[in-house]
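Every read-out reported here was derived from the displayed coordinates using simple, explicitly stated rules and does not represent laboratory data. As the structure is a prediction and not an experimental result, all values here were calculated from the model. Cβ placement follows ideal geometry from the backbone for every residue including glycine, while neighbour counts extend to all protein chains displayed.
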Amino acid sequence: MNISNLSTQGSQASQPSPKSQLGKDDFLRLLTMQLQYQDPLNPMDNTQFVSQMAQFSSLEQLQNMNKSLGEKSSSESQLQSAFNNSLAASLVGKQVEVATAEAVYDGTHSTSLSYRLAPGANQAHLQILDAGNRLVRDFELSPRQTYGKVKWNGKSSDGTAVPSGAYRVVIAAQDAEGQPILGGEVLESLKVQAVRYTGQEPRIWADEREYSLSDLRGITEE
């Protein structure tokens, strides 16, 4: 049996796995060892020593900065979460606006439709479509008015009364060159009934439907 081979294998097995990255403590340890074992007859050049010390200082500053940014990010996240929870709680009983693609006509009363136009519109229309995607009513909107409201009496463009039910609503807008502009929305006003905390973000319940804060487009007095 070759004892020297066993000794070599045991020595290799006991060695720790190398680090993929060196920290500031490793850098300082290497610099100390370099000073300890330098040739007395040919010591380290002062410029080289200052350069290595500057590298060590930069490494330490970067690591401290990274740690500080991590702590700051965590604090900002907690602050944002607390703000969102407080904001959501204050909405109970209030009217909020959410985007919708549906207008419901009860067959008797007029339906009020709020809207928001995207910037850059030269002309815009609010269109009401039936289940077959056929145009029922077209309202021309003023492109200078970002937010507005129209009232639909349940009649088509030729004055014919339409049956009660749900209709699709869309905003069709174009710029000065006739190119379509996306981003306009029809808005629905709902009363917030409850706020529930089921995760990191509060969930808002209005008209028996669940929303997040990012779903809200505004808060109204009505």
Exercise. Right, Val150: β-branched (Val, Ile, Thr), within 21 Å of Val96 (Cβ to Cβ), in contact (Cβ under 8 Å) with a residue 60 or more places away in the chain and touching a Leu at 6+ places or on another chain (Cβ under 7 Å) or not?
Worked result: no
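Please determine, by comparing only the residues of the range 146-156 that are touching a Lys or Arg at 6+ places or on another chain (Cβ under 8 Å) and closer than 18 Å to Asp106 by Cα, which one is surrounded by the most Cβ atoms within 10 Å (Cβ to Cβ).
First, pick out the residues of the range 146-156 that are touching a Lys or Arg at 6+ places or on another chain (Cβ under 8 Å): 146-147, 152, 155-156.
Of the ones still in play, those that are also closer than 18 Å to Asp106 by Cα are 152, 155-156.
Details: Trp152: 19, Lys155: 14, Ser156: 15.
By that ranking, first place goes to Trp152.
Name the single residue that is surrounded by the fewest Cβ atoms within 10 Å (Cβ to Cβ) among those in the range 198-222 being under 21 Å from Ser112 (Cβ atoms) and without any contact (Cβ under 8 Å) to a residue 60 or more places away in the chain. Spell out the reasoning first.
Step one: list which residues in the range 198-222 are under 21 Å from Ser112 (Cβ atoms), which gives 206-209, 211, 215-222.
Cutting the leftovers down to without any contact (Cβ under 8 Å) to a residue 60 or more places away in the chain gives us 207-209.
Values: Asp207: 12, Glu208: 7, Arg209: 11.
Result: Glu208.
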For this session: Taking the residues in the range 165-189 that are free of Cβ contacts under 8 Å to residues at least 60 places away in the same chain and among the polar types (S, T, N, Q) as candidates, determine which candidate is surrounded by the most Cβ atoms within 10 Å (Cβ to Cβ).
Result: Gln174
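Out of the residues in the range 196-222 that are under 17 Å from the mean Cα position of the chain (by Cα) and acidic (Asp, Glu), which is farthest from Leu87 (Cα to Cα)?
The qualifying residue farthest from Leu87 (Cα to Cα) is Asp215.
This table checks each residue for (1) out of contact with any helix residue (DSSP H, G or I) (no Cβ under 6 Å at 6 or more places or on another chain); (2) surrounded by 12 or more Cβ atoms within 10 Å (Cβ to Cβ); (3) within 25 Å of Ile204 (Cα to Cα); (4) not acidic (Asp, Glu).
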{"position": "Glu76", "(1), (2), (3), (4)": "yes, no, yes, no"}
{"position": "Thr108", "(1), (2), (3), (4)": "yes, no, no, yes"}
{"position": "Leu129", "(1), (2), (3), (4)": "yes, yes, no, yes"}
{"position": "Arg144", "(1), (2), (3), (4)": "yes, no, no, yes"}
{"position": "Gly159", "(1), (2), (3), (4)": "yes, no, no, yes"}
